[in-house]
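Data first, discussion second: the structure below is written as structure tokens.
The values are calculated or read from the model by the stated rules, or taken from the named source; none is laboratory data. Fair warning: this is a prediction, and the values are worked out from it, not measured in the lab. Counting neighbours? That spans all protein chains shown, and the Cβs are built from the backbone with ideal geometry, glycine included. Calculation scope for accessible area: heavy atoms of the full protein, side chains included, ligands and nucleic acids excluded. Shrake-Rupley method; radii C 1.70, N 1.55, O 1.52, S 1.80 Å.
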Amino acid sequence: MSQDATTTRTGRELTLGRRSALACVMIAGALLGMRGRAAAQPQDLSAELALDPMNTLPVQEEVYELGTVMVPFPGAPSQPGSGLPAELTGLVIAPQGARGAYPLAIFIHGQAPVCVDAELGPNSDVMCANGKKVPNYRGYARYQRALAARGFVTLSVSQNSILGSMVAEDEGTATQLMASVVEEHLKRWSAWAGGQDLSTAPQTVQSGVLPDLSQLLLIGHSRGGAASNQVALRSVTESLPWRVRAQVLLAPTATHSNPAPTVPVVVLLPECDGDVTNLQGQAYVDRARDLASDTALRSAVLMSGANHKYFNSEWDAATATVPEVGGDDATTLGTGSAQNTCATGAAQRLSGEQQRALGELFITAAALGLVRGNERVLPLLDGSAACAGPSCGAAILTSALGGRKQPILVPQAGSLPVPGAGASLKTCLTTRSAGQPDACVSSDMPKVKEVTRTPHFVSAIPVGAEPRPTQEPSAVAVRVDWSAEAVPVTIPLTSTQIALDATQLALRIIAPPGVAAPTFDVALIDAQNKALPLGSISLKAPSNPDPGTGVYWAQEARLPLTRSADMGAPTALQLVPRTNSGYVWLLDAWSYASGSVAITARSVARFEVAGYARPAASPDKVVVPLQVFGQLNEAADVYYYVVGAQAPNNEGRFSIPVGMPSLEIELPASAMIDFVGIKNAVTTRLLETPTVPQAQPQEPEVPQEPLPPQEPEVPEA
């Protein structure tokens, strides 16, 4: 498991992206809307995820060990025999008695002790000569069995070689090395799928169950989530024999918080995470709003009562092979308040078994909905009021971007209309640190382990970095304050176009913990100042109301939409508070239609940073060589900052010209250099080449009810 990391450590691979407008349909002389409230009871989709006894596949399990390979260090010249030794060990759980190609799901664990010594206790001695080796990779077997029974080949890879070495202390390097370990496994699976080296393959493959590497699902936990995103990124920026179709990230770090383009993602955020306390994995959803230009569904799930460790059964003392490794990390959140629902023994806390049941639910939903193409399970992921199985009795909140959502209000920095007396509106910047001008986060927000629990308001700059940067790219939100009931607050829309098939209005709103959850009447306003009431929304009170450990998280509020013939195109959103006083942040507003949408396959390139050199004549500078892979159709701007540097020039920007295959840049000297994207031009580690619309290939449609290529032979009882 990783400690809080609010920043990228080493910028060795960088990719850029261009935002394009989502297609919308203009509603001429009409508006969508109706009075009403969101459904009080969520739709129960338990039957959609339940295993059909007639179609359940028996599963088989085995561990393979393929020896040791040398994994090259990121940014270092590749030389034979150089790099870090890494074991290729994995647990395979797959359909039994069947033949043919099945989607492959790979699980990637995070940082934890790899060995427990009788005298020293948990430690990172990868040799483990005098202790018990911790099988961290075996902790996801429950999820593997659930997917295998539904027609997936699953593999959980060991990362002990990487995480048991000193490089694991540098999270940026460790996660990229972990990604390379996964790719070493994938190289073997690619060969086996082509009928090569079958003598080294697990018995599952030798018996005829082959991986479909074009339908790859990644599930990463903690640092494994950051490594998963690196694998996904590379799969869409390089010509590889595999393609990541979706990711599920369990309490991930966001070391390189670049959202992989065209790859749907589901991020599970445990509210009682005592390790990655700021829930920084939200960045995989939020950054895509301003930096990506595709329609991939990106979902965030806030799980009340869940902690960081319990997703992995080997990190739960009740089920661990080496119990000394297990524990409840939520205890680090403190127990001083009676309202703290993360405290040990609190009624809202989840046991390890309960948390893993929820993990299985959402992993299965992602596998069926985002890889298999079963649209019926998507409401579990897209922010709709839906539940299934264990989530129907748990406090679960979901919000999402992409898919069939189209933006109608994405705030832009600048002035806003002045509301009536007793209310105020102000834009704020989400990635500014507390104390910077116009930052959404403020210094009076309570901190846990010196980090504010504001996953939407996370700066890339490390905690305590001075001086504070002023050029960091930032997204915008709107803070709404009121001190009197029924004061209308009107916010201009950024798009007056709503798709004809849209059925709901979706708002992402943050209500602070520790105060009564507010209620609003909501209306859309046209250019003639006519209002169309849509109904009321009542935000849910945070499941952890303790202002010291509660999470400032944006829940999704929905209202139904229908046509109205006497209204013009909408120009503004109106909120009327029905509580005496309070404040919220409005992140954005979207029109919503159910179902999925084909993901546009865009032309993607990237650039790599290969080390750096310090000129003898300028010891306070470093020269960084960049190599561009792919074709830029327009210049790309890049923002950088130097970690720990105190000089005034510790941040800046440079440009990569069109047609430039390589270049060198000169930066202030530092051991750690980070690169961050700029809105409308760059996103961290992703370079997206704009293409002519009619030339954009579409993703192949996945059948809604896929069947295995051949019915498995069910062994006799």
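What is the list of residues in segment 529-571 whose amide nitrogen lies under 19 Å from a point 7 angstrom out from the Cα of residue 444, following Cα to Cβ? Counting backbone N atoms under 19 Å from the label point, the list is 546-553. Ranking 82, 199 by solvent-accessible area of protein heavy atoms (1.4 Å probe, all protein chains present), from largest to smallest, gives 199, 82. Please give the Cα centre distance for segment 186-216 versus segment 236-307, rounded to the nearest Å. Cα centres, segment 186-216 to segment 236-307: 28 Å. Give the shape of segment 388-462 as rounded, prolate or oblate, defined through the alpha-carbon gyration tensor: a ≥ b ≥ c are the square roots of its eigenvalues, a/c under 1.5 means rounded, and otherwise the shape is prolate if a/b is larger than b/c and oblate if not. Cα axes put segment 388-462 in the oblate bin. When nucleic acids and ligands are ignored and a 1.4 Å probe is applied, residue 474 ends up with an accessible area of around 30 Å².
Measuring nothing but how far apart in sequence close Cα pairs (under 8 Å, 6+ apart) lie, relative to its length, segment 374-433 scores a relative contact order of 22 percent.
Would you work out if segment 311-470 is rounded, prolate or oblate? Take a ≥ b ≥ c from the square roots of the eigenvalues of the alpha-carbon gyration tensor; rounded if a/c is under 1.5, else prolate when a/b is larger than b/c, oblate otherwise.
Numbers: a/c = 2.08, a/b = 1.30, b/c = 1.60.
Judged from the Cα gyration tensor, segment 311-470 comes out oblate (a/c at least 1.5, b/c at or above a/b).
Is the shape of segment 519-600 best called rounded, prolate or oblate, per the rule: a/c under 1.5 gives rounded, else a/b larger than b/c gives prolate, else oblate, with a ≥ b ≥ c the square roots of the Cα gyration tensor eigenvalues? Oblate. Remark: spin-label model distance residue 485-residue 46 equals 3.9 nm, labels positioned 7 Å along the Cα→Cβ axis. For segment 192-317, a crude dipole built from +1 on the beta carbon of Lys and Arg and -1 on the beta carbon of Asp and Glu, taken about the Cα centre, is about 240 debye to the nearest 20.
Across the options 333, 373, 362, the greatest Cα extent toward the positive end of the charge dipole of segment 292-384 (unit charges at beta carbon of Lys, Arg, Asp, Glu) belongs to 373. Note on exposure: 405, 187 ranked by accessible area (1.4 Å probe, complete protein assembly) read 187, 405, with the most exposed listed first.
Residues within the reach of a label modelled at residue 63 (point 7 angstrom out along Cα to beta-carbon, backbone nitrogen below 12 Å), restricted to segment 313-331, are 321-322.
Charges were assigned to the Cβ only: +1 to each Lys and Arg, -1 to each Asp and Glu. The resulting dipole of segment 128-180 about its Cα centre is roughly 520 debye. Residue-wise HN-Hα couplings along segment 177-185, as the Karplus relation 6.51 cos²θ - 1.76 cosθ + 1.60 with θ = phi - 60° gives them from phi, are 5, 4, 4, 5, 4, 4, 5, 5, 4 Hz; Gly and Pro carry x.
If you put +1 on each Lys and Arg Cβ and -1 on each Asp and Glu Cβ, how big is the dipole of segment 471-532 around its Cα centre, in Debye rounded to 20? Before the final figure, lay out the partial values.
Values: 3 positive and 6 negative charges, 5 e Å.
With only Lys, Arg, Asp and Glu charged at Cβ, the dipole is about 20 debye.
Between residue 321 and residue 99, what is the FRET efficiency for a Förster distance of 51 Å, r being their Cβ-Cβ separation, to the nearest 0.05? The computed FRET efficiency comes out at 0.95.
The Cβ shell under 14 Å around residue 416 holds other residues with a net charge of 0, Lys and Arg each +1, Asp and Glu each -1.
Between residue 653 and residue 392, what FRET efficiency comes out of the Förster formula 1/(1 + (r/R0)^6) with R0 = 56 Å and r the beta carbon distance, rounded to 0.05? Walk me through the intermediate numbers first.
Numbers: r = 49 Å, r/R0 = 0.87.
In this case the efficiency is close to 0.70.
With a simple spin-label model that places each label point 7 Å from the Cα along the Cα-to-Cβ direction, the separation between residue 594 and residue 662 comes to 5.5 nm. Amide H contacts under 5 Å for residue 572: 493, 525, restricted to partners 5 or more places along the chain or on a different chain, H placed in the peptide plane at 1.01 Å from N. For residue 275, the accessible surface of its heavy atoms amounts to roughly 10 Å² (probe 1.4 Å, protein chains only, rounded to the nearest 10).
Taking amide H atoms as placed 1.01 Å from N in the peptide plane, the amide H of residue 453 lies under 5 Å from those of 448, each 5 or more residues away in sequence or on another chain. Could you calculate the FRET efficiency of residue 421 with residue 528 from 1/(1 + (r/R0)^6), where r is the beta carbon distance between them and R0 is 22 Å, rounded to 0.05? For R0 = 22 Å, the calculated efficiency reads 0.35.
Rounded to the nearest Hz, the phi-derived 3J(HN,Hα) couplings of segment 57-72 under the Karplus curve 6.51 cos²θ - 1.76 cosθ + 1.60 (θ = phi - 60°) are 9, x, 10, 10, 10, 7, 10, 10, 10, 9, x, 10, 10, 9, 9, x, where x marks glycine and proline.
Projecting the Cα atoms of 528, 554, 476 onto the dipole axis of segment 462-586, where Lys and Arg carry +1 and Asp and Glu carry -1 at the beta carbon, places 528 farthest toward the positive end.
Between residue 206 and residue 635, residue separation times 0.36 nm minus the direct Cα-Cα distance comes to 149.5 nm.
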